[in-house]
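What follows is a single structure, written as structure tokens, with notes after it.
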Amino acid sequence: MRISANPTAIWLAALVGSAAAFGQSSPVLMGAAAYGDWRSDAPAVRRKITPADMPPPYATASANNGPTVADRGAVCDVVAFARRRCLAGVASRFGS
């Protein structure tokens, strides 16, 4: 008697096997331990940050990097020169 491979059974076995593998969860970092950066980050690291863990509003200084007016500088002069040269070349080609 030959046993045939049932595609549905294969998918079901794979699903059950992967669910068992994902069932082994890593610990959840809470409170001050939940705050981290790229050095403490890794696959499967879970964090739970609640509103009670966050600092109160306006407890820290705001970032002071708002918009400013930038100087046009030499780059704009080079672009304007190249644009004039290009337009002059186009005009001379077409006899304008």
(request) Provide the per-residue ³J(HN,Hα) series for the stretch 53-69, in order, calculated from phi with Karplus coefficients 6.51, -1.76, 1.60 and θ = phi - 60°, each as a whole number of Hz, with x at glycine and proline positions. (result) 7, 7, x, x, x, 6, 7, 10, 6, 7, 5, 10, 10, x, x, 9, 8
(request) Read phi for every residue in the stretch 35-43 and hand back ³J(HN,Hα) as whole Hz from Karplus 6.51 cos²θ - 1.76 cosθ + 1.60, θ = phi - 60°, with x for Gly and Pro. (result) 7, x, 9, 5, 6, 9, 8, 7, x
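Computed from the coordinates by the stated procedures, all read-outs in this text should not be read as laboratory data. For clarity, every value in this text was computed on a predicted model and none was experimentally measured.
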